[in-house]
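**Student:** This structure is in C-alpha cells; I'll ask about it shortly.
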Amino acid sequence: MVSRVCGVDAFYVDTDRLADVLKVKCSGSCTMSDDPRRGPTLGVQGSHDAAVISVLSKDWGVPSACCTVDNKTSFRKKRK
C-alpha cells in the first residue's frame, strides 16, 4: 500500500521539505518521482491518507477540500 501525493506544486509546497516531514510523521520511506501529467509525486509507504492531509492543511495551508483520496486497492479472492 502506498499513499501518493501529487498536485501540491499548485500550492507552492516545497516537495523536498514535505518528503522529509512525511518520513518522520508516517514513520516510513518516502520516494519522489516526476509524473509528466501530474508533476512532482511523492509516495509514502503505507496507508497514511489522514496524516498527509493533516500535514498539508496545518503546515502548508492547503485546504482540505482540495485533497482527495482514491483507494485503488482491489481485493481478490485467494486461490485454493
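**Student:** Considering the stretch 37-67 alone, what residues qualify as being assigned to a strand (DSSP E or B) and either at positive phi or touching a Gly at 6+ places or on another chain (Cβ under 7 Å) (or both)?
**Tutor:** Gly39, Val44, Gln45 - these are the residues of the stretch 37-67 that are assigned to a strand (DSSP E or B) and either at positive phi or touching a Gly at 6+ places or on another chain (Cβ under 7 Å) (or both).
**Student:** Here is a check on your reading of the model: is Gly39 farther than 14 Å from Val55 by Cα and open to solvent by less than 20 Å² (accessible area, probe 1.4 Å)?
**Tutor:** yes
**Student:** So in the stretch 1-13, with the set limited to residues that are of a type in the set (Gly, Ala, Ser) and under 12 Å from the mean Cα position of the chain (by Cα), which one is least open to solvent (accessible area, probe 1.4 Å)?
**Tutor:** Ser3
**Student:** So which residues in the stretch 28-54 are over 18 Å from Asp70 (Cα atoms) and either out of contact with any strand residue (DSSP E or B) (no Cβ under 9 Å at 6 or more places or on another chain) or touching a residue at least 24 places away in the same chain (Cβ under 8 Å) (or both), if there are any at all?
**Tutor:** Pro36
**Student:** Here is a follow-up. Of the residues Asp20, Asp16, Asp34, Asp70, which single one is open to solvent by 80 Å² or more (accessible area, probe 1.4 Å), in a loop (DSSP other than H, G, I, E, B) and among the acidic types (Asp, Glu)?
**Tutor:** Asp70
The values are calculated or read from the model by the stated rules, or taken from the named source; none is laboratory data. Everything numeric here is computed off the predicted structure, so don't read it as measured data. In this analysis, Cβ positions are derived from the backbone assuming ideal geometry, glycine residues included, and neighbour counts consider all displayed protein chains. These area figures cover heavy atoms from the full protein model, side chains too; ligands, DNA and RNA do not enter into them. Shrake-Rupley method; radii C 1.70, N 1.55, O 1.52, S 1.80 Å.
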